[in-house]
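The values are calculated or read from the model by the stated rules, or taken from the named source; none is laboratory data. All values derive from a computational prediction rather than experimental measurement. When we count neighbours, we look across all protein chains shown, and the Cβ atoms used for this are built from the backbone with ideal geometry, even at glycine. Side chains are part of the model used for accessible areas, which takes the heavy atoms of the whole protein and leaves out ligands, DNA and RNA. Shrake-Rupley method; radii C 1.70, N 1.55, O 1.52, S 1.80 Å.
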There are 2 protein chains.
Amino acid sequence: MLNIVTERMAVMSKRIAPAALAAMLGDAISRLGRRQRQARPVGELTQNQISVLTSLELGGALTPRELADAERVQPPTMTKVLARLEELGLLQRTPHPTDRRQVLLSATSAGHDIVVEQRRAKDEWLTRVLTRLTPAERQILCQAAEIMSRIAREGD
Amino acid sequence: MLNIVTERMAVMSKRIAPAALAAMLGDAISRLGRRQRQARPVGELTQNQISVLTSLELGGALTPRELADAERVQPPTMTKVLARLEELGLLQRTPHPTDRRQVLLSATSAGHDIVVEQRRAKDEWLTRVLTRLTPAERQILCQAAEIMSRIAREGD
DNA sequence: CCCATGTCGTTAGCCATGCTTATTAGCTAT
DNA sequence: ATAGCTAATAAGCATGGCTAACGACATGGG
C-alpha cells in the first residue's frame, strides 16, 4: 500500500496546463457520459428525471423554481419534466403554505422506490467497470469525483 | 504545498466500495457534462456534431454506419446529424468505390476549421474553472481523466 | 443465371428535453 | 390601489434519441 502511495505521488509531481487538462477531461466526461446514458434501460427514467427525484429526496419539498435552479434548466423545461413525473405517479404537488403562486413538490413512495432501483440499474455498468480497477485507481476517481462535483456546482 | 499533499494522502487512505464510487462518479459526470453542454454558445455545434467531425478528421473517410457505431447511436440518428452537418457545409459525401449502397463522408475545410474553433470554445469554461484549482487537484483530475478515458473505450 | 436473403442508408413518426416568448395568478411595495 | 415583480405554465421550435419500414444494392445457393 505504501509503495502505491509513493508511486502516485511520483505521478502527482507531473504538472499539467489547465487548457490541456480541460481538453482531456472534457473528452473523458463526454465519452463516459454517453456510455452511462446508453446503459439506461429503454422505457425507464432519464438521468434528469432521476436527478429531480433525488433532489426531492435529499431536499424535501421543493418548488419548481428551486428544482430548475438546482438542475440548471429554465423553468418551462422543469415544468415539462415535472408533468411527466406526476403523470407517472412518482411525484405529488401540495400548495405552498404562505404563497399561493408556488407549489411544493415531493416524491411519492412509488417515486422513492423507483429512483432507488433506477439509480442502481444506471450505476450497474459503471460499478462493474470500477471493480476491475486497482484500489489506487478507485481512490483517484473518488477524489476526482469530489472535485468535479464541487466545480459543477460553482456559480460560474 | 506539502500540507496539501499530506491532506490528499489522508483522503486517499480511505477505501471506497465500487458501488458507492459509481454513484458519486456518475453524479459528478452528469453534472459536469450538463455544465459543459450549456457552456456551448447558442447556434453553434453540439457535442455530437463535433464528435462526428472529429471522428472524420481522425479516421479519414467513413461511412454513416461506421460513424453510428463509433458514436454508439442507431443509423437513423446518425442520418439526421449528417444531414444537419451537410446543410451547414461542414461535411461532404463521395460515392463508395466498390459498393454503391455505401457513402463515404469527410469533413470539408470549413468543417475542419469550425471543429477546431468549437472545441476551443467548449473547453473555455472548463479551463477557466480548472485554473482556480490547486496544482494537486489538477493532477488528480489529470490521472482521473486518463482512467476514465480508458474505461469509456472498453468494450463492455 | 436467378432469386432469396442480408445489408446500407434513408424516411416517417414518436418521444424527451432544451430553449424563448407570452400569459395568468398572486405577491409586494410605493 | 395599483404598478411592477415573481411563480408557474402554455405554446411553439429545434435537436437528438428510438423503432418500423422501405428501396437500392450485394452476395451466395440452387
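Things to note:
- Kirkwood-type radius of the stretch B:44-149, with distances r between different C-alpha atoms, in Å: 15.4 Å
- Length, then width, then depth: along the principal axes, the Cα atoms of the stretch B:107-149 run 40, 22, 10 Å.
- Of B:Ile140, B:Ala110, B:Thr77, farthest towards positive along the dipole that unit charges on Lys, Arg, Asp, Glu beta carbons give the stretch B:44-149: B:Thr77
- Rounded accessible area of A:Thr127 (nearest 10 Å², 1.4 Å probe): 30 Å²
- Annotation for A:Ala136, label-to-label distances across the other copies: 1.8 nm (shortest first, one decimal, point 7 Å from Cα along Cα→Cβ).
- Working from Cα pairs under 8 Å separated by at least six residues, relative contact order for the stretch B:44-149 is 26 percent.
- Residues with amide H under 5 Å from that of B:Leu91, placed H, sequence gap 5 or more: B:Thr108
- Where A:Asp113, B:Asp27 fall by accessible area, highest first, once all protein chains stay in place (1.4 Å): A:Asp113, B:Asp27
- Think of each Lys and Arg Cβ as +1 and each Asp and Glu Cβ as -1; about the Cα centre, that makes the dipole of the stretch B:44-149 roughly 160 debye.
- Computed from the Cβ-Cβ distance with R0 of 51 Å, the FRET efficiency linking A:Thr94 to B:Val116 stands at 0.50.
- With R₀ fixed at 22 Å, the C-beta to C-beta distance from B:Arg150 to B:Ala20 puts the FRET efficiency at about 0.55.
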